[in-house]
1. Here is a check on your reading of the model: is Glu148 assigned to a helix (DSSP H, G or I), of a type in the set (D, E, K, R), in contact (Cβ under 8 Å) with a residue 12 or more places away in the chain and farther than 30 Å from Pro178 by Cβ?
2. Could you list, in sequence order, all residues of the range 12-68 that are over 23 Å from His187 (Cβ atoms), among the aromatic types (Phe, Trp, Tyr) and touching a residue at least 40 places away in the same chain (Cβ under 8 Å)?
3. Please go through the range 70-105 and pick out each residue that is of a type in the set (Phe, Trp, Tyr) and either in a helix (DSSP H, G or I) or buried (at least 24 other Cβ atoms within 10 Å of the Cβ) (or both).
4. Report yes if Arg218 is surrounded by fewer than 22 Cβ atoms within 10 Å (Cβ to Cβ) and more than 26 Å from Arg66 (Cα to Cα), otherwise no.
5. Can you name the residue in the range 212-264 that is in a loop (DSSP other than H, G, I, E, B) and of a type in the set (Val, Ile, Thr) and is also nearest to Ile329 (Cα to Cα) among such residues?
6. Going by the structure shown, is Arg164 in contact with an Asp or Glu (Cβ under 8 Å, 6 or more places away or on another chain) and either touching a residue at least 24 places away in the same chain (Cβ under 8 Å) or closer than 28 Å to Ala200 by Cβ (or both)?
7. If I ask for residues that are part of a helix (DSSP H, G or I) and surrounded by fewer than 21 Cβ atoms within 10 Å (Cβ to Cβ), which ones from the range 151-182 would you list?
8. Determine which single condition Arg250 fails, assuming it passes every other condition in (1) closer than 26 Å to Gly405 by Cα; (2) modelled with pLDDT under 95.
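The values are calculated or read from the model by the stated rules, or taken from the named source; none is laboratory data. Everything quoted here is computed from the prediction, not taken from an experiment. Here the Cβ positions follow ideal geometry from the backbone for every residue, glycine too, while neighbour counts run over all protein chains shown.
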Amino acid sequence: MPAALFDQTRNHFESAAHRAWLARHRESLLDFYQPSVCLPSGGYAWLANDGSPLPAKGAQLWIGSRMIHVFSLAAMLGRPGAAEVVEHGLDFYVDGAGRDHEYGGWYPTVGGDAPGDRKELYGIAQMLLAGSSATTAGFSRGPALMAEALEVIDRHFWLEEWGRCAEAYDRTFTELDPYRGQNANMHLAEAYLAAHQVTADPEHLSRAKRIAFHIAGRAAQRDVAGSWRLPEHFDASWEPILDYNADDPRHPFRPFGSQIGHWLEWAKLLEQIAAQGVDEPWLGQAAEALFAASVDEGWIEPGGFVYTVDWEGQPVVAERFFWEPPEAIGAARLLWLRTQDQRYLDWYRRLWEYCDRYFVDHAQGSWYPELDSQSRPVTYTWEGKPDLYHVYQGTLYALVPADLGLATWARDAGSTGAS
């Protein structure tokens, strides 16, 4: 463990050494992505292990929305050049070829070897997050981006009778895919929380809570064995499809089984919803159950969370993915803020020590996307290092109060010089 990662301060969140380390690491992440992430043709690049762009991947919406979000945060925290990265994305997704100016919404991939024109909730939900953060950061086109995302979701995806959203359409919003998924809805809950911070519209918070209840609320049933193993895939009537992709268990977005990282992500989101004044006991109960199950069932020595487990809790894909620990870090911080339970503080430290030792690529920069069962870098599912969002957010959780979104906190911290 590097000596500067933590000091002897009992409360790791208040550790001066740890906060300084987080700040250095946060800037090193931006140093990796910022130079080459903007594609000259518009949108953002999928980056290789060394930080060079992979143009064959095209400009992918989920990457683009996350880059707008992260660099909006970075701009508010005073990062030189971050605003130009955000404006590059607004050029593409508000005025340019990333947006479908005829039918509305955004294309999932523009250019590259496999362009697409389906309208998918996964990327559009995260575009709402991007628009919310860009609006908070004061970018003039942020409100337009946020408003269009809200309108597209409301018109085409939101299913009021179910309290959740549909998954995908064809380009024209004519043919609706019967598949329903928790992953996109989870990211929509996150985006609705961000929009609520900007607008104070109670409907956004209500929808985030409804999505959370229908998908993650089952984990509060502590007397039901396996209630924490959240189904990922559903049919049009929201019946779980438990054998979905059994023949493709390493699918990057729709794997077979239940994903440990999503238990952790929901634990974080449930705490964030509760911190907005939603006084419903199931939120905290489910958050605690999901975190406990993640570390008991998903963390396997010599360390790291497995990607997926089956419905008996046995690992299916044992590789460790880079995005899981940052979600655990956020969940541990929020659970500690509410409970003051020492185990969450201990896990926070343990997670960062593991990540710095195994996930951080100290030679080329950023994080290895995937490790094997012995915590060695492998490439079975992810090529390169496309995603900054999870790890960048991970560097902020120690600083942010429970009731503030990351963008709201970054705006306030940047204005006072606290960053």
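1. Numbers: assigned to a helix (DSSP H, G or I): yes; of a type in the set (D, E, K, R): yes; in contact (Cβ under 8 Å) with a residue 12 or more places away in the chain: yes; farther than 30 Å from Pro178 by Cβ: no.
When the stated conditions are applied, Glu148 does not pass them.
2. Result: Phe13, Phe32.
3. Phe71, Phe92, Tyr93
4. On the way: surrounded by fewer than 22 Cβ atoms within 10 Å (Cβ to Cβ): yes; more than 26 Å from Arg66 (Cα to Cα): yes.
It is true that Arg218 is surrounded by fewer than 22 Cβ atoms within 10 Å (Cβ to Cβ) and more than 26 Å from Arg66 (Cα to Cα).
5. Within the range 212-264, the subset in a loop (DSSP other than H, G, I, E, B) is 221-232, 235-239, 241-257.
From what's left, of a type in the set (Val, Ile, Thr): 224, 241.
Working: Val224: 26, Ile241: 30 Å.
Going through the qualifying residues, I end up with Val224.
6. Details: in contact with an Asp or Glu (Cβ under 8 Å, 6 or more places away or on another chain): no; either touching a residue at least 24 places away in the same chain (Cβ under 8 Å) or closer than 28 Å to Ala200 by Cβ (or both): yes.
For Arg164, the condition - in contact with an Asp or Glu (Cβ under 8 Å, 6 or more places away or on another chain) and either touching a residue at least 24 places away in the same chain (Cβ under 8 Å) or closer than 28 Å to Ala200 by Cβ (or both) - is not met.
7. Of the residues in the range 151-182, the ones part of a helix (DSSP H, G or I) are 151-157, 182.
Across the range 151-182, the qualifying residues are Glu151, Asp154, Arg155, His156.
8. Of everything listed in (1) closer than 26 Å to Gly405 by Cα; (2) modelled with pLDDT under 95, Arg250 misses just condition (1).
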